[in-house]
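Some notes on the structure that comes next.
Please treat every number below as a calculation from the coordinates, not as lab data. Predicted model only: the values in this text are computed from it and were never measured. Neighbour counts run over all protein chains shown; Cβ positions are idealised from the backbone, glycine included.
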Amino acid sequence: MRLEEVKGVLRQKRFYAALAALFILFIIPLVTLRPFIVDIFIMTFLWAFLAGAWNVLGGYVGQFSLGPSAFFGIGAYTSSLLFIWLGVPPLLGMVVGAILSSGVALVISYPSFRLRGHYFVLITLAFAEILRIAFLNWTLVGGAYGVWLPVIHPDSLYNFQFHTTKAPYYYIVLISLLLELILVHKIEKSKIGYYFKAIREDEDAAEALGISATKYKLIAAVIGSALFAMGGTFFAQYVLIIRAPDIMTLDRTLSIVFPAIIGGMGTTMGPILGSFILTPIDYIIRASLGGLYRGVHMILEGAFLMAIVIIMPSGIMGLLKKTYAKKATKTSRISLEKGAAGRSDVW
């Protein structure tokens, strides 16, 4: 069996495994009556969605940003305030928040992309901190008190509130994650995706080949910021309270960035895999400890991140890809050896 045939068989097995996993995920709300379990899955999907959004700029283009919490907050505040002040449906507010977040990303990113390395990281961190302090002291948006969304009955998608069961939130965020996965996969296989990778590997060489690094960095920033804002709207409608000290913090940013790094930056499935590892551990630790030892979950996540970076610099997906390639090569070699032995027996 040739190497291409072996890879085809392995791809087919992965496809069926993915279908089985998807089937299991879709029936979880139907087989469990424990809201805590459903809540863990909802937040796992949400952080996977946000990590995937960060991965567009941070993983594929190589621009490490520490500002996603700012765009997450913009989306949450925009849809919530439009709903409270003007009665705008949250889904429409989500679109407005995504557009506003993209506009802010363009304004901030254009001058920032002239910087590279740790300078860009510091700029994004400073921007997120400035915005957090501004919202914290801005009385028009609730200041430190935050924004409390009114509870509206009956349940409806129009008001984006479901109180009798968490299943609607579960399916909305799961479908959103799947749609993002398709979008990122399409980008990865498109001309834009190849340009992203070229800029990540060597920006000067990409520029020499006629690729406008600034243009494609801005495209990635706009896509990522719009997705962050959409995630912020979902989070606001899920918890019904948003406060700058809670959602626009470095802690929140790291919760978005860590899954992508641990799962594997610049890969489609890396952020999802990282979130499925980190988020349940995070929630179980906090539920077990209650109010004791606040922040211990971040210490454990940091230790896990350091171990992954040392042992698997390319993340878990990088290790899986290497294992997959070795398995395919080994299977192909064994098949060829068996074929050669069979021919020699005939002769």
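Remarks
- Amide H to amide H distances under 5 Å link W138 with G143, where only residues 5 or more positions off or on other chains count and H is placed in the peptide plane.
- For Q161, the residues 5 or more places off, or on other chains, whose built amide H falls under 5 Å of its own are S156.
- Restraint check, K189/K322; K215/K322; K197/K322; K166/K186, Cα-Cα greater than 28 Å: K215/K322; K166/K186
- Degrees between helix 90-112 axis and first principal axis of the chain (Cα, 0 to 90, nearest 10): 70
- Under the criterion of Cα pairs below 8 Å and six or more residues apart, the relative contact order for the chain equals 31 percent.
- Against the main long axis of the alpha-carbon atoms of the chain, helix 68-86 sits at an angle near 40°.
- Diffusion constant of the chain at 37 °C, which comes from Stokes-Einstein with the Kirkwood Cα-pair radius and 0.692 mPa s, µm²/s: 151
- D_trans [Stokes-Einstein, Kirkwood Rh over alpha-carbon pairs] for the stretch 54-158, 37 °C, 0.692 mPa s, µm² s⁻¹: 216
- Rounded to the nearest 500, the 222 nm mean residue ellipticity of the chain from helices alone is -26000 deg cm²/dmol, with -39,500 (n - 2.57) taken per DSSP H run of at least 4 residues.
- Potential lengthening between K322 and E207 on full extension [0.36 nm per residue; Cα-Cα distance subtracted]: 38.4 nm
- In degrees, nearest ten, helix 250-263 long axis to first principal axis of the chain (Cα): 10
- Test item: Cα-centred dipole of the chain, Lys/Arg +1 and Asp/Glu -1 on Cβ, debye: 980
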